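J.: Dropping the structure in here first, questions after.
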């Protein structure tokens, strides 16, 4: 798997209890998804999330298949966890995929996605390499069809 195909899902925290669970500080976009059963990458190695659950005040726990104790998982602490672009259709909310899949890519063959932040459903775009705009990330402004994200409303551009 090449790094060009990996996208940061979050960072693993300290082990929790004795059953092989770790805290996961994931991108806020993913907090509405059940991550059970997805494949992720840590240091280039593939792991499958066996269990995913919420735990107190916006905290989340994950358990990897085949890792059942604290000693099994303590080396994962503070490691980045990644997903692949092949999982794009797994993470669709309100008709739109996670904006992180499009960083460094062009929309409408014109608008480069420089970065994004996901506060109040906003995505940050760099337009024409000179101008910047904050555009709501919703189906009024964007469309996801045939595995492509396009800007469809130019009122804020």
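The values are calculated or read from the model by the stated rules, or taken from the named source; none is laboratory data. Here the structure is a predicted model, which means the values were calculated and not measured. Cβ: placed from backbone, ideal geometry, glycine included. Neighbour counts: every protein chain shown.
J.: Answer with yes or no whether residue 64 is modelled with pLDDT of 90 or more and within 23 Å of residue 134 (Cα to Cα).
T.: On the way: modelled with pLDDT of 90 or more: yes; within 23 Å of residue 134 (Cα to Cα): no.
No; evaluated as a whole, the condition is false for this residue.
J.: Next question, about the same structure. Looking only at the range 55-81, count every residue that is surrounded by 15 or more Cβ atoms within 10 Å (Cβ to Cβ) and in a strand (DSSP E or B) and tell me the total.
T.: Qualifying residue count for the region: 6.
J.: Name the pairs whose Cβ atoms lie under 7 Å apart, with the first residue in the range 70-86 and within 18 Å of residue 44 (Cβ to Cβ), the second in a helix (DSSP H, G or I), and 6 or more positions between them or separate chains?
T.: Pairs found: 84/5; 85/5; 85/101.
J.: Going by the conditions given, is residue 137 modelled with pLDDT of 90 or more, over 28 Å from residue 16 (Cα atoms) and either surrounded by fewer than 18 Cβ atoms within 10 Å (Cβ to Cβ) or not assigned by TED's automatic domain parsing to the domain that holds residue 9 (or both)?
T.: Numbers: modelled with pLDDT of 90 or more: no; over 28 Å from residue 16 (Cα atoms): yes; either surrounded by fewer than 18 Cβ atoms within 10 Å (Cβ to Cβ) or not assigned by TED's automatic domain parsing to the domain that holds residue 9 (or both): yes.
Answer is no for this residue.
Table: residues versus (1) in a strand (DSSP E or B); (2) at pLDDT 95 or above; (3) crowded, with 16+ Cβ neighbours inside 10 Å; (4) in the same structural domain as residue 147 (by TED's automatic domain parsing).
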residue	(1), (2), (3), (4)
7	yes, no, yes, no
15	yes, no, yes, no
53	yes, no, no, no
83	yes, yes, yes, no
101	no, no, yes, yes
